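Have a look at the structure below before the remarks.
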Amino acid sequence: MSTTEAPSPRSVTPQAGDALVMVDVQNDFLPGGRLAVPNGDEVVPALNRAIDIFREKGLPVVATRDWHPDRHCSFKEQGGTWPVHCVADTEGARFAPGLKLPPDALTISKATDAAVDAYSGFQDTGLDRHLRERSVKRVFVGGLATDYCVLNTVNDALDLGFQVFLLTDAVRAVDVKPGDGDRAMEEMKRGGAVPVTVEDLAP
Ligand code: VGL
Ligand code: ZN
């Protein structure tokens, strides 16, 4: 298929109208967690650099978290696909201890309804309204997992009219099927997400 992907810019300067959106950087998605994403811990130092840049500039920082009731429909016991993970108020649902979350970061809890699965940070959370109230036009997205919650959050952001920069060195995939992460990256880029690395962000 031919592509209309935007070329990857050499450097991007976060500025007024930009926000950092970190998806589900939670213990259960890290090595040793109940739904461990391979090398999921590697997003933490990359996101910490991004946090520093956004904080320094006074730009909004958002952290989404998977925040399930203990019998969520996505769990195997309830006929879903996943092991029990990110049960609200448990250790596994806490943000990675190494993540330098600013005190004024907005936390968005998602997939809180036992009967509804939700991979996107925009699904029934008010995130869209929150970003618009802060005049956000561009979102910089990283976190876990590339092929589920990052993919769905990015797709919704694009559908909602945000410009999306995908932080390629700050995402990792579950890869239930080999190549899922790569396919998700391609899909996001085809949809208009611009790949950049945290290294490419101008402080
Ligand atoms: C996720 C699987 C199940 C994610 C959440 O955050 O990508 N993946 N629940
Ligand atoms: Zn989940």
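Each value in this text was obtained by applying a stated rule to the coordinates, not by laboratory testing. Every value quoted in this text rests on a predicted model; they were computed, and no experiment measured them. Note: ideal-geometry Cβ built from the backbone for every residue, glycine included; neighbour counts use all protein chains shown.
Between Leu101 and Ala202, what is the label-to-label distance in nm when each label sits 7 Å out along the Cα-to-Cβ direction?
Distance between the two pseudo-spin positions: 3.1 nm.
Can you tell me the convex hull volume per residue for the stretch 85-203, based on C-alpha atoms, in Å³ to the nearest whole number?
Per residue, the Cα convex hull of the stretch 85-203 comes to 135 Å³.
GNM, the chain, Cα, under 10 Å: largest mean-square fluctuation among Gly40, Gly121, Gly80?
So, out of Gly40, Gly121, Gly80, the one fluctuating most is Gly80.
Of Lys57/Lys137; Lys76/Lys189; Lys100/Lys177; Lys57/Lys100, which sit over 22 Å apart, Cα to Cα?
Details: Lys57/Lys137 16 Å; Lys76/Lys189 32 Å; Lys100/Lys177 32 Å; Lys57/Lys100 16 Å.
Check vs 22 Å cut-off fails for Lys76/Lys189; Lys100/Lys177.
So how much slack lies between Val176 and Lys57, counting 0.36 nm per residue of separation and subtracting their Cα-Cα distance, in nm?
Between Val176 and Lys57, full extension yields 39.1 nm more.
How much length would be gained if the chain were fully extended between Arg183 and Glu77, taking 0.36 nm per residue of separation minus their Cα-Cα distance, in nm to one decimal?
Between Arg183 and Glu77, full extension yields an extra 35.3 nm.
Using just the C-alpha positions of the stretch 1-110 as equal point scatterers, what log10 of I(q)/I(0) does the Debye formula give at each q in 0.11, 0.22, 0.24 1/Å?
Once normalised to I(0) and log-transformed, intensities are -0.45, -1.13, -1.24.
Run the simple label-point estimate for Ala114 and Thr90 please: 7 Å along Cα→C-beta, distance reported in nm.
Modelled inter-label distance: 1.5 nm.
Can you give me the angle between helix 43-56 and the longest principal axis of the chain, using Cα atoms only, in degrees from 0 to 90, rounded to the nearest 10?
Result, in degrees: 50.
Using only Cα atoms, tell me the angle between helix 180-190 and the longest principal axis of the chain; keep it within 0 to 90° and round to the nearest 10.
Helix 180-190 sits at roughly 40 degrees to that axis.
Would you calculate, for the chain, the mean residue ellipticity at 222 nm contributed by helices, counting each DSSP H stretch of 4 or more residues as -39,500 (n - 2.57) and dividing by all residues, to the nearest 500?
Values: 4 runs with 41 residues, N = 203.
Helix-only estimate at 222 nm: -6000 deg cm²/dmol.
If you project the alpha carbons of the chain onto their three principal axes, what span does each projection cover, largest first, in Å?
46, 44, 30
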